[in-house]
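Notes follow once the structure below has been shown.
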Amino acid sequence: MKIKKLFLQNFRNYENETFAFSDGLNVLFGKNGQGKTNCAEAVFYLCTGASLRIRHDKQLIRMGAESARIVAEAENRYGKVTIEADIYENKREIRVNGSKISKNADLMGHINSVFFSPGELRLIQDGPDERRRFMNISISQTSPAYYTALLRYNKILDQRNTLLKNRDVSLVLDTLPVWDEQLCKYAALIIEKRAEFVDKLAPHAKEFHAFLTDGKEELLIKPEWKYAGDTTEVANVLQRRLENNYEKDLRLGYTTVGPHRDDLDVLINGIDAKSYASQGQTRTAALALKLAEVQIFKILSGEYPVLVLDDVMSELDLPRRKKLLKCIADMQTVLTCTHAERVLYGAECNKIRIEDGKIKN
């Protein structure tokens, strides 16, 4: 998958700019605060329909403008694809090859993307929400069924949690089985897809981590959840677990079991990285996970995703910068940095200088 051109109009600090990307390494460079990350964000937005930086799309509109527009001309293994997003104060419209889509599930897979920035250290350091978010974003891009199941699961979960706060206990106990049956159907698919994802992720993450650390450290990724059997068996097991936790759920007012509570164990040399890893170890582990994610996209879709590396080089020492450049040699990459010469080390690339939301020659 490759993006050939990216057009931004009234997006963040861009008034009207068109980026021409090469098939390999594209380096957006310039001083801090000029708009490099905004361009990287636009790439990810067109791939997933969401921003990693904000919750409300209206924040993407340039100050003083009424709407924003993003367009990508790209190619995947099936041919050319054009994705357009028009963002307004209270709505948005996204089109794929001219056809308006009504839901994000229809956007997934046309252009896959993996995004990495220093903020991704949260993937290791923060709570389970960050690791579930990582899995959800990645799996959704290659499995619309997963994305749809996740939306429906979360909607039913919200309704179940609302019910648990009802003071009429007899009503709650009579109604819970109805919600549980639907909840478990979608939960089983989520659990199955996550297990497949981690099975693929773990060995690749281990391999990349060994490469980045010269084999001095070992990274292990293991799921905390334990389920066995096909989706029907998993659904039945989860339904029994929900029933066994009725008293606890009623007391706490929320659902205490299910894939919304899943987590991943991240171990470096057998030690819990979440609690004991240094900043350098955390950074390398997070990068290894993202590079492993790239490989999963290649396995599942038959082609590499667009890799977005936002201000990553400044956080790595010289040997790991050079190793990273080797890892990304075969894929289209959008890399942002302040000084291109300090991070490229002679690598061939398409250099684009950004200054105050404008491309400068």
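The values are calculated or read from the model by the stated rules, or taken from the named source; none is laboratory data. This one's a predicted model, so the numbers in the text were calculated from it and none came from an experiment. Cβ: placed from backbone, ideal geometry, glycine included. Neighbour counts: every protein chain shown. These area figures cover heavy atoms from the full protein model, side chains too; ligands, DNA and RNA do not enter into them. Shrake-Rupley method; radii C 1.70, N 1.55, O 1.52, S 1.80 Å.
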**Report entry** In nm, spacing of pseudo-spin labels at Q279 and E89 (7 Å Cα→C-beta vector)
**Finding:** 4.3 nm
Query raised in the report: Between the helical axis of 318-327 and the dominant principal axis of the chain, each derived from Cα atoms, what acute angle in degrees is found, rounded to the nearest 10?
Result: 80 degrees
**Report entry** Helix axis angle, 36-48 relative to the chain longest principal axis, alpha carbon, degrees
**Finding:** 50 degrees
Report summary line: Candidate cut points under chymotrypsin sites (Phe, Trp or Tyr not before Pro) in segment 3-92, DSSP loop plus at most 14 other Cβ atoms within 10 Å of their own Cβ, are Y78
Query raised in the report: Using alpha carbons only, what's the Rg to Rh ratio of segment 1-145 with Rh from Kirkwood?
Result: 0.95
Report summary line: So the FRET efficiency between E243 and T18, C-beta based with R0 = 51 Å and rounded to 0.05, is 0.30
Report summary line: The rounded separation in angstrom of the Cα centers of segment 326-342 and segment 148-184 is 47 Å
Requested in this report: Have a look at E41, E233, E303 and tell me which one the Gaussian network model of the chain (Cα, springs below 10 Å) gives the largest fluctuation.
Outcome: E233
Requested in this report: Mind putting a number on the dipole of the chain about its Cα centre? Charges go on the C-beta only, +1 for Lys and Arg and -1 for Asp and Glu, and I need it in Debye to the nearest 20.
Outcome: 580 debye
Query - Bins of 10 Å, starting at 0 and running to the largest distance - Cα pair percent for segment 146-248 - result: 13, 34, 25, 15, 9, 2, 0
**Report entry** Under 15 Å from K165, Cα to Cα: aspartates and glutamates that are on another chain or at least 8 residues apart
**Finding:** D174, E247, D249
Requested in this report: Mind jotting down the three principal axis lengths of the chain based on Cα atoms? Whole angstrom, largest first.
Outcome: 71, 53, 36
Requested in this report: Mind giving me the nanometre distance, one decimal, between the label points for Q182 and E303, set 7 Å out from Cα along Cα→Cβ?
Outcome: 3.8 nm
Report task. Starting from the Cα-Cα distance between A195 and V81, subtract it from 0.36 nm times their residue separation and give me the gain in nm to one decimal. Result -> 37.9 nm
Query raised in the report: Of Y146, Q295, L335, whose Cα points farthest to the positive end of the dipole of the chain (charges on the beta-carbon: +1 Lys, Arg; -1 Asp, Glu; origin at the Cα centre)?
Result: L335
**Report entry** Exposure rule at most 12 other beta-carbon atoms within 10 Å, DSSP loop trypsin sites (Lys or Arg not before Pro): the chain longest free segment
**Finding:** 227-361
**Report entry** Accessible area of the chain belonging to carbon and sulfur atoms, whole % at 1.4 Å probe
**Finding:** 46 percent
Query - the chain, helix-only ellipticity at 222 nm - DSSP H runs n ≥ 4, -39,500 (n - 2.57), divided by all residues, nearest 500 - result: -14500 deg cm²/dmol
Query raised in the report: Taking the highest mean first, how do the peptides 217-224, 108-115 order by number of other beta carbon atoms within 10 angstrom per residue?
Result: 108-115, 217-224
Report summary line: Restricting to aspartates and glutamates and to Cα separations under 14 Å from K323, and discarding same-chain partners fewer than 8 apart, the set is E207, D214, E315
Query raised in the report: Can you work out ³J(HN,Hα) from phi for every residue in segment 161-174, in order, using Karplus 6.51 cos²θ - 1.76 cosθ + 1.60 and θ = phi - 60°, giving whole Hz and x for Gly and Pro?
Result: 5, 5, 4, 5, 8, 5, 7, 7, 4, 5, 5, 4, 5, 6
Requested in this report: Determine, for segment 23-118, the count of lysine pairs separated by eight or more sequence positions (or lying on different chains) whose alpha-carbon distance falls under 17 Å.
Outcome: 4
Query raised in the report: Which Rg and Dmax, in Å, describe the Cα atoms of segment 186-230?
Result: 13.3, 42
Requested in this report: Work out, step by step, the length gained on full extension between V96 and T162: first 0.36 nm times the residue separation, then minus their alpha carbon distance; give nm to one decimal.
Outcome: 20.1 nm
Requested in this report: Would you please report the Å³ per residue occupied by the convex hull of the alpha carbon atoms in segment 99-197?
Outcome: 139 Å³
Requested in this report: With label points built 7 Å along Cα→Cβ from the Cα atoms of D330 and K226, find their separation and express it in nm.
Outcome: 3.8 nm
Query raised in the report: Based on the Cα coordinates of segment 238-361, what is the per residue volume of their convex hull in Å³?
Result: 211 Å³
